[in-house]
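This report concerns only the one structure given below.
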Amino acid sequence: MRIYLLNPPYIENFVRCGRWQGVTARGGTLYYPIWLAYAAGVLEKIGHEIRLVDAVAWRWDKNKVLEDARKFKPDLVVLDSNFSSLQNDIEVATLVKENTGAISVIVGPPASQFPEKILNNGIDIVARFEYDFTLSDIAETIDKNSDFTNIRGISHRKNGRVIHNPDRDFTSSEELDRIPFVSRVYKDHLNIKDYFLNHALYPMVQIFTGRGCPNRCTFCSWPKTLMGRKYRVRSVQNVADEFEFVTNELPEVKEIFIEDDTFTINKKRVKQFCEEIKRRRIDISWGCQSRADLDYERMKAMKEAGCRLLDVGYESGSDEILKNIKKGITVNQLREFTKNAKKAGLKILADFVIGFPGETKETAEQMIRFIKEIKPDLLQVAVATPIPGTEFYDYVKENGFLLVEDLEESLDEEGFQKCIISYPEFTKEDIENYVDRALKEYYLNPSYIPIAMKNILRRNGLHELKVMVKSANIFLKYVRRGK
């Protein structure tokens, strides 16, 4: 079967498969279409002819996509989606379906939350939650001209009625080991130089070593909309094999970034992984997502095994806010974590959010003071955006704090975040102003110069500088927006 997997065109540099809101990143980040790429590997492995198209990275418009799709002549077309681009993605899927006669499938977080809305707009099938193996079942069913009724994890129409088949079990650790390396899919179907993380050396690749997150943060989308709470992992040997594949087959790659929601949650596995990397003498820089409960011993082992940076959800400088969002971390833990990371020689990307329940001008001021105190190497401050399916979304909607029904209204014309919530004592304008102020007071302050210089003087300093310059240019565009 011929299968067309599409990251559809939308706003320039739109990050559709980020773990939160689809958005144009202020630091220039452009993710790989990572979930589509994993599905592409599964489908190709079992013999299907696939075409993986990233219209955002390739700067293709709808006409270019249609021209390409007509040439490929797919039997099945699969489009990734995000809440802030959903209507656009449905329209593109419909166009491709009309121009090729292919059966259309929408995947991604909105598929698990709004299957009826998607199907009622002309899409043939919705694959809910994880979809790697669901797509292979769909393809097999079409090949056999069978009924869709027995495919777990999909919603579809039958005799004019929407049918929601039972959920599919989430992938097991054994299944994750059988999925082809996503880095091989990148090598065969994409151009790695198209993608950029403002916190990783360039060029880089993004991989998963596990899926799922057992933590209970009220705002986090993927555990509720895509891959579940239970943390399943690839074997240490399998992950190390992929590291070796990258170093041998993609020698231009400067860094591997591990996108697991919490790679460091299993401290024993982290230690085993670091030991395996050192045993094999794999020499490549890498980074990962981490929680702020990681201890110094593991940090030191990670640094010795090539880890360069930790991307950490600090979220707030207020214990009250951290408690409200069920973060399970205190401000003192954040302080201790930051101190240990610096002692271990690891860079920190600190992610903060303004606008969670209970936020006031006082807590926002606390956050700004806390950022200046801990002095992270890199800083991200986001507007709190409620994602359908999360506890945070339910809270703001039920209490009348949500200003829009359509998350496409959460972006401005350039794709940057807009605030779509407002509290009686802390308004939409307050939230947006504090986000801008936090970023400007940190990055545009002379006190950041020593931090930047320290990064440039690290190993791979020239590459650190190149990443910094590109990120700074995009950030200044964000600062000047609307002027």
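The values are calculated or read from the model by the stated rules, or taken from the named source; none is laboratory data. What you are looking at is a predicted structure, and each value in this text was computed from that prediction instead of being measured. All Cβ positions, even for glycine, are placed from backbone atoms using ideal geometry, and neighbour counts span all protein chains on display. Surface areas here come from the heavy atoms of the whole protein model, side chains and all, with no ligands, DNA or RNA. Shrake-Rupley method; radii C 1.70, N 1.55, O 1.52, S 1.80 Å.
Here are the numbers for the structure shown:
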| item | result |
| --- | --- |
| Residue within segment 293-307 that is among the basic types (Lys, Arg) and in contact with a strand residue (DSSP E or B) (Cβ under 8 Å, 6 or more places away or on another chain) present | no |
| Residue that is modelled with the lowest pLDDT, among those in segment 1-38 that are basic (Lys, Arg) and over 16 Å from Asp412 (Cα atoms) | Arg19 |
| Candidate set: segment 19-53, residues that are under 12 Å from the mean Cα position of the chain (by Cα) and in a strand (DSSP E or B); chosen: the one surrounded by the most Cβ atoms within 10 Å (Cβ to Cβ) | Val23 |
| Every residue from segment 54-81 that is within 24 Å of the chain's Cα centre (by Cα) and part of a loop (DSSP other than H, G, I, E, B) | Ala55, Val56, Ala57, Trp58, Arg59, Trp60, Asp61, Ser81 |
| Hits in segment 330-349 - residues which are without any contact (Cβ under 8 Å) to a residue 24 or more places away in the chain and either within 16 Å of Gly317 (Cβ to Cβ) or over 26 Å from the mean Cα position of the chain (by Cα) (or both) | Thr330, Asn332, Glu336, Lys339 |
| Checklist (1) part of a helix (DSSP H, G or I); (2) touching a residue at least 40 places away in the same chain (Cβ under 8 Å); (3) of a type outside the set (S, T, N, Q) applied to Tyr202, failing item | (1) |
| Tally, over segment 413-424, of residues that are within 16 Å of Pro357 (Cα to Cα) and assigned to a strand (DSSP E or B) | 1 |
| Search result, residues across segment 205-257 that are open to solvent by 20 Å² or more (accessible area, probe 1.4 Å), at pLDDT 95 or above and of a type in the set (Ser, Thr, Tyr) | Ser235, Thr247 |
| Residue match in segment 398-412 (condition: part of a loop (DSSP other than H, G, I, E, B), over 30 Å from Glu255 (Cβ atoms), within 23 Å of the chain's Cα centre (by Cα) and modelled with pLDDT of 95 or more) | no |
| Identity of the residue in segment 112-127, surrounded by fewer than 24 Cβ atoms within 10 Å (Cβ to Cβ) and without any contact (Cβ under 8 Å) to a residue 60 or more places away in the chain, that ends up nearest to the chain's Cα centre (by Cα) | Pro115 |
| Count of residues meeting criterion [assigned to a helix (DSSP H, G or I) and in contact with a Ser or Thr (Cβ under 9 Å, 6 or more places away or on another chain)] in segment 224-240 | 5 |
| Tabulated pairs, segment 26-40, first closer than 21 Å to Met227 by Cβ and of a type in the set (Ser, Thr, Tyr), second open to solvent by less than 10 Å² (accessible area, probe 1.4 Å) and assigned to a helix (DSSP H, G or I), C-beta under 8 angstrom, 6+ apart or interchain | Tyr32/Val182; Tyr32/Tyr186; Tyr38/Asp132; Tyr38/Val182; Tyr38/Val185 |
| Scope segment 170-220; condition over 19 Å from Ala39 (Cβ atoms) and among the hydrophobic types (A, V, I, L, M, F, W, C); matching residues | Phe196, Leu197, Ala200, Leu201, Met204, Cys213, Cys217, Phe219, Cys220 |
| Positions within segment 425-457 being outside any helix (DSSP H, G or I) and either among the aliphatic types (A, V, I, L, M) or modelled with pLDDT under 65 (or both), in sequence order | Leu444, Leu457 |
| Options Pro9, Pro110; residue that is assigned to a loop (DSSP other than H, G, I, E, B) and not acidic (Asp, Glu) | Pro9 |
| Residues satisfying the stated conditions in segment 339-356, i.e. buried (at least 21 other Cβ atoms within 10 Å of the Cβ) and assigned to a helix (DSSP H, G or I) | Ala341 |
| Which numbered condition His164 fails, given (1) over 25 Å from Ile106 (Cβ atoms); (2) open to solvent by 10 Å² or more (accessible area, probe 1.4 Å) | (1) |
| Any hit, segment 275-283, residues being surrounded by fewer than 17 Cβ atoms within 10 Å (Cβ to Cβ), farther than 13 Å from Phe181 by Cα and of a type outside the set (D, E, K, R) | no |
| Positions within segment 261-274 being open to solvent by 50 Å² or more (accessible area, probe 1.4 Å) and assigned to a helix (DSSP H, G or I), in sequence order | Ile265, Lys267, Lys268, Lys271, Gln272 |
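Here's the yes/no breakdown for (1) over 18 Å from Met1 (Cβ atoms); (2) in contact (Cβ under 8 Å) with a residue 12 or more places away in the chain; (3) open to solvent by less than 30 Å² (accessible area, probe 1.4 Å):
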| position | (1), (2), (3) |
| --- | --- |
| Ala55 | yes, yes, yes |
| Asp61 | yes, yes, no |
| Glu67 | yes, no, no |
| Leu79 | no, yes, yes |
| Thr94 | yes, yes, no |
| Pro110 | yes, yes, yes |
